[in-house]
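Here the structure comes first, spelled out in structure tokens, and everything after it is commentary.
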């Protein structure tokens, strides 16, 4: 079931700073930092809300709705990355891959589950090009 409580997101730059601190002590956490940096670099941070729960990254689309809501949780378990969706209707999904696949796997879930692409508008690349050209 999707998360039943209030989602208390943190700015993506705060999440990045926290993960950078962790990576200074535990470099194997780098895949989590790479995901956050990809969100910031793409400009999609305007369309995604995130928080850190212990060492898990929890992500929901914006605007954040009242609970329950669907969420994507990213977990790093050396040498694996697990991305899972917890939904309010029970259609949960989980994929575990080698850590080097972290960023593409994360965006696969953002696109499939929330319809958000790694672009400033959150739109697919062809629509993003049309927006910037027009």
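Below is a table of values for the structure above.
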{"quantity": "Those residues of the range 110-127 which are assigned to a helix (DSSP H, G or I) and within 15 Å of residue 45 (Cα to Cα), in sequence order", "calculated": "110, 111, 114"}
{"quantity": "Residue satisfying condition, being out of contact with any helix residue (DSSP H, G or I) (no Cβ under 8 Å at 6 or more places or on another chain), in contact (Cβ under 8 Å) with a residue 60 or more places away in the chain and buried (at least 19 other Cβ atoms within 10 Å of the Cβ), within set 109, 114", "calculated": "114"}
{"quantity": "Qualifying positions in the range 88-106 - in contact with a strand residue (DSSP E or B) (Cβ under 8 Å, 6 or more places away or on another chain), touching a residue at least 24 places away in the same chain (Cβ under 8 Å) and either crowded, with 18+ Cβ neighbours inside 10 Å or over 24 Å from residue 63 (Cα atoms) (or both)", "calculated": "99, 102, 105, 106"}
{"quantity": "Failed item, numbered, when residue 132 is tested on (1) touching a helix residue (DSSP H, G or I) at 6+ places or on another chain (Cβ under 9 Å); (2) assigned to a helix (DSSP H, G or I); (3) loosely packed, with under 14 Cβ neighbours inside 10 Å", "calculated": "(1)"}
{"quantity": "Output for the range 1-31, where each listed residue is in a loop (DSSP other than H, G, I, E, B) and either touching a strand residue (DSSP E or B) at 6+ places or on another chain (Cβ under 8 Å) or closer than 26 Å to residue 69 by Cβ (or both)", "calculated": "1, 2, 4, 5, 6, 7, 8, 9, 11"}
{"quantity": "Which listed residue, of 81, 35, is part of a strand (DSSP E or B), touching a helix residue (DSSP H, G or I) at 6+ places or on another chain (Cβ under 6 Å), surrounded by 14 or more Cβ atoms within 10 Å (Cβ to Cβ) and modelled with pLDDT of 95 or more", "calculated": "81"}
{"quantity": "Residue match in the range 63-77 (condition: in contact (Cβ under 8 Å) with a residue 60 or more places away in the chain, within 14 Å of residue 106 (Cβ to Cβ) and under 13 Å from the mean Cα position of the chain (by Cα))", "calculated": "yes"}
{"quantity": "Selected residue (only one of 101, 34 is over 21 Å from residue 7 (Cα atoms) and more than 12 Å from the chain's Cα centre (by Cα))", "calculated": "101"}
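The values are calculated or read from the model by the stated rules, or taken from the named source; none is laboratory data. All figures in this text were calculated on a predicted structure; none of them were measured in a lab. With ideal geometry, Cβ positions are generated from the backbone for all residues, glycine too; neighbour counts draw on all protein chains shown.
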